[in-house]
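The values are calculated or read from the model by the stated rules, or taken from the named source; none is laboratory data. Here the structure is a predicted model, which is why all the values come from computation and not from measurement. When we count neighbours, we look across all protein chains shown, and the Cβ atoms used for this are built from the backbone with ideal geometry, even at glycine. These area figures cover heavy atoms from the full protein model, side chains too; ligands, DNA and RNA do not enter into them. Shrake-Rupley method; radii C 1.70, N 1.55, O 1.52, S 1.80 Å.
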Amino acid sequence: MKIQYVPRIAKDEDGSMTVFGLFMIITCVIVGGLAMDFMNGVKTKTELQVAADSVAHAALMARNYGKNEDEAKQVGLAVGNMILSRSGISDTLIADDIEFGDWDAAAQVFEADPSQDGAVLVSAQRLADRNTALATGFLRFIGLYNFDVRSQSVFETYIPTCTREGFFAEDRVDVQSNNN
C-alpha cells in the first residue's frame, strides 16, 4: 500500500466557521438591503395613495361647489402638494393627473369627460420620465437605480333620490302653519 503525503494545511479545519460566518453576513446584508428597498417602495406607494385620495376628494368637492375644471384641479393640486411636501416629495402631481368624468361602479370603469362633475380620477405617480422616480439604495449595486411607483384614486358623488325631493333631515321635521 502506498502512503501519500497530505500537507497539514489541507487537513486543518481551524477557521472554517469564519468563512461560513462571512458568507452568512453577506447573505444577511443582501436580504436586508432588498427588504429596505422594497419597504421604501411600499411606503412611497402608501404616501401617493393618501395624496391621491385627498386630491380626488378636494377636487371633486371644489367642482361640486361651483368651481370650473381648472379651478378644481388647482384646489386638488394645492392639497396634494401640501401632503406630499411633508414626505419630502414635491412637484409629483400635475394637472394632467386629474381627470373628471363618469364612474361606472358595476363595471369598475372610469370614462373621462371634462364636462361631467360626477366623478374624478387621480393618478399619483413617481416616474423616471418625470425625473421623480423613487431612488433605490441597495439595488443600485445590481444596476436598478430607481422604481416607478403609481397609485390611483377614484371618487364619485352620490346624491340619493330622497335628498332631492321633499324634506330631508336627520331628526323629525315639524312643519306648522297658522292656516285654518
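Numbers below:
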quantity: Å³ per residue enclosed by the Cα convex hull of the range 15-143; calculated: 136
quantity: Highest-fluctuation residue, 124, 35, 56 considered, GNM on the chain with Cα pairs under 10 Å; calculated: 35
quantity: At most 12 other Cβ within 10 Å, DSSP loop - chymotrypsin sites (Phe, Trp or Tyr not before Pro), the range 65-168; calculated: 65, 145, 158, 167, 168
quantity: Surface accessible to a 1.4 Å probe, residue 46 within the full protein complex, Å²; calculated: 80
quantity: Label-point separation in nm, residue 78 to residue 20, each point 7 Å along Cα→Cβ; calculated: 6.6
quantity: Largest to smallest accessible area among 3, 26, 98, 83 [probe 1.4 Å]; calculated: 3, 26, 83, 98
quantity: The chain, relative contact order [Cα under 8 Å, separation at least 6], %; calculated: 21
quantity: Accessible surface of the chain [probe 1.4 Å, protein heavy atoms]: carbon and sulfur percent; calculated: 56
quantity: Whole-number Å³ per residue for the convex hull built on Cα positions in the range 67-180; calculated: 209
